[in-house]
1. Please count how many residues of region 1-48 are basic (K, R) and within 19 Å of E98 (Cβ to Cβ).
2. With respect to Y70, is the statement that it is touching a helix residue (DSSP H, G or I) at 6+ places or on another chain (Cβ under 8 Å) and at pLDDT 95 or above true?
3. Among all residue pairs at least 6 apart or on different chains, which show Cβ distances below 6 Å where the first residue, located in region 122-143, is over 23 Å from H177 (Cβ atoms) and the second is in a helix (DSSP H, G or I) and open to solvent by 100 Å² or more (accessible area, probe 1.4 Å)?
Amino acid sequence: MKFEHVLLGVLAMRPQSGYDLRRWLEREGRFLRSGVHQSQVYRLLGRMTDQGWIAWEADARDGAPDAKVYRLTEAGRAALTAWAHSPYEPPSRFQDPEFVARFLFAGMLDAELPLRLIDTELAHRRAQVAHSRGRDRTLRLDEALPEVDADRARLLNELLHLEGVRQIDAWIAWLEHTRRLLTDHRDTDHHLAEGEPA
């Protein structure tokens with residue numbers, strides 16, 4: 001996922017200034033991209049304007065310089081849609097920002113996209129669990145430094161493993177639950193569109 005896709009997704013919700021985009025990234029978007037500087041946002045907005053993905057218009061501000069308010073162009077909409085429909089390859093680490101960004105921004109565009117995304121993620125995570133849950137987790141300390149406390153090292157390793165198990169199991173449960181909710185929502189919308197009682 002490129003940072004451009006995040007900005008395209010945010011601008012798909014409403015036109016915003018560079019300052020407003022940065023504020024969104026600091027609050028709602030902090031799990032998508034952390035440590036973003038204002039200069040990065042403005043550089044990228046300039047590059048996206050040059051690519052024809054966004055355009056801006058001046059917004060007069062009382063007692064302050066005019067602000068540039070950015071909005072998607074047709075080319076920007078096409079770029080966002082192409083990314084939203086592109087294949088998703090789950091990384092080894094779950095709860096990756098790529099999944100979160102696609103879930104939110106692609107899901108806004110097409111009701112089927114978050115379901116396909118969840119199905120891909122679920123299949124990958126279930127396979128990960130099946131492959132690694134019963135593996136030999138013996139911590140080998142044959143040539144450890146003299147300072148290493150072997151019992152404590154094994155305990156710490158086991159505690160981290162148990163937390164990892166808890167987290168991936170919770171992630172899979174969330175994916176399953178979310179899929180049910182989205183399917184129910186889609187089916188209700190489908191019935192309403194056809195004039196049938198939900």
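1. Residues of region 1-48 that are basic (K, R), as a first pass: 2, 14, 22-23, 27, 30, 33, 43, 47.
When the remaining residues are screened for being within 19 Å of E98 (Cβ to Cβ), the result is 2, 30, 33.
Here the count works out to 3.
2. Numbers: touching a helix residue (DSSP H, G or I) at 6+ places or on another chain (Cβ under 8 Å): yes; at pLDDT 95 or above: yes.
Judged against the criteria, Y70 is a match.
3. Qualifying pairs under 6 Å: L139/R154.
The values are calculated or read from the model by the stated rules, or taken from the named source; none is laboratory data. Everything quoted here is computed from the prediction, not taken from an experiment. Glycine also receives a Cβ, built like all others from the backbone with ideal geometry; neighbour counts cover every protein chain displayed. Heads up: the accessible areas ignore ligands, DNA and RNA and are worked out on the full protein's heavy atoms, side chains in. Shrake-Rupley method; radii C 1.70, N 1.55, O 1.52, S 1.80 Å.
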